[in-house]
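Heads up, the thing below is written out as structure tokens.
The values are calculated or read from the model by the stated rules, or taken from the named source; none is laboratory data. Note that this is a predicted model, so its numbers are computed, not measured. So basically every Cβ, Gly included, is an ideal-geometry build from the backbone, and we count neighbours across all protein chains shown.
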Amino acid sequence: MKYVIIGTGNISNTYVNAISELKDSEIVACVSRSGNRIAANTDIPDFPSLESISADFDAVIVTTPNGLHCKGILAAARNGKHVITEKPLGIDSDEMEAAITACEENNLTLAVAYQRRTTPDNQTVKQLLEQGVLGKVFAADLTAKFYRDQAYYDSADYRGGYSIDGGGPFMQQACHNIDIYVWFFGLPAKVVSMMDTFTHDMEAEDHGAALLKYDNGMIGTIIASTATKPGFAARLEVHTEKGSFIMVDDTISEWHFDGIPNPGNTDFEYQHDGATSASVSDVSAHKEIILDFEEAVKKGGTPIADPVSAKATSELILDIYGSAVK
């Protein structure tokens, strides 16, 4: 499949590196607001718009800042191209709905780069939860205590703001982890949160906590931070009527269920950088998202990170911001 990348910032390098390892995929051009080429491969030609590209291509990868994702999706849909967008799907409910509708009306596949859904233990846990094997869940506690220095936020005017980034760590760094949370448990009936800015000069929060109540009675908590130096692995603790398990960076680290063997995949290895860095050194999960997307395009199926479920992740984060106690 032939791709055009919209956006030439840091995350575009991840897709260049991932696609370079896929024999049947290639990047033929990029669209850049700044006129800069992608650092990982400066031979990829840049253009001011999709319409100005003369080369044939099948799909678009959107790697612009968060608040511009839906704009890129709509541009791709106008040109009849399938789309992978970086996470999150968007930071505005109406814009996300418009992007989804545009792709549906043009019979185009839209996928969101929530690549943690592809990891073996996350897929296994989701299946077990859906089957009810683990019993009723009454508590699920996610901590995403990461760290970014001030230089990170100073590197671009939009970082750590609401209009483009969409917020602080809840929307930016921790949204991958919140996506898995929503993928597992769905959306809560009630949310209340507290957040503030403690160690950075930025508009949005750099640390916060949310309390969630579900219709089935489950009580959940989510902590998201970029102020917790030096940065720690994401941790999800789940408690059910039959036992408990803990996941650290998408891998089962503890399993306490009588009569249910630990289903963790001990052979799986993935290098997580998110706790301390915006760079991605291990592109294997992005490769899986791309291959899954191409399979969905080929067969007319639904990608593992489909836009409707990805929208739910953004909606929870927006609810967390909207419910913040002042």
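Worth pointing out:
- Members of segment 146-164 that are out of contact with any Gly (no Cβ under 7 Å at 6 or more places or on another chain) and either of a type outside the set (Ser, Thr, Tyr) or within 23 Å of residue 117 (Cα to Cα) (or both): 148, 149, 150, 151, 154, 156, 157, 159, 161
- Test for residue 182: is it under 25 Å from residue 305 (Cβ atoms) and hydrophobic (A, V, I, L, M, F, W, C): yes
- All positions within segment 1-15 that are surrounded by fewer than 22 Cβ atoms within 10 Å (Cβ to Cβ) and within 18 Å of residue 56 (Cα to Cα): 1, 2
- Residues in segment 87-107 that are part of a helix (DSSP H, G or I), over 15 Å from the mean Cα position of the chain (by Cα) and not polar (S, T, N, Q): 94, 95, 97, 98, 99, 100, 102, 103, 104, 105.
- Pick from segment 112-138, criterion assigned to a loop (DSSP other than H, G, I, E, B) and of a type in the set (A, V, I, L, M), ranking: nearest to residue 270 (Cα to Cα): 113
- Test set (1) crowded, with 21+ Cβ neighbours inside 10 Å; (2) outside any helix (DSSP H, G or I); (3) of a type in the set (D, E, K, R) - residue 159 fails condition number: (1)
- Some residue of segment 4-11 being touching a residue at least 24 places away in the same chain (Cβ under 8 Å) and of a type in the set (Ser, Thr, Tyr): yes
- All of 174, 204, 144, 140 fail the test of being in the same structural domain as residue 313 (by TED's automatic domain parsing), in contact (Cβ under 8 Å) with a residue 40 or more places away in the chain, buried (at least 20 other Cβ atoms within 10 Å of the Cβ) and over 30 Å from residue 126 (Cα atoms), apart from 204.
- Residues in segment 243-275 that are part of a loop (DSSP other than H, G, I, E, B) and buried (at least 16 other Cβ atoms within 10 Å of the Cβ): 7 in all.
- A residue that is farther than 21 Å from residue 172 by Cβ and within 22 Å of the chain's Cα centre (by Cα) occurs somewhere in segment 79-86.
- Residues that are out of contact with any helix residue (DSSP H, G or I) (no Cβ under 8 Å at 6 or more places or on another chain) and more than 19 Å from residue 168 (Cβ to Cβ) within segment 54-70 comprise 54, 55, 56, 57, listed in sequence order.
- Extreme residue, nearest to residue 317 (Cα to Cα), among residues of segment 206-225 that are more than 19 Å from the chain's Cα centre (by Cα) and assigned to a loop (DSSP other than H, G, I, E, B): 214
- When 125, 83 are checked against the criterion of being outside the structural domain of residue 55 (by TED's automatic domain parsing) and at pLDDT 95 or above, 125 stands alone in meeting it.
- Yes/no for residue 226 being touching a Lys or Arg at 6+ places or on another chain (Cβ under 6 Å), buried (at least 22 other Cβ atoms within 10 Å of the Cβ), under 21 Å from residue 116 (Cα atoms) and β-branched (Val, Ile, Thr): yes
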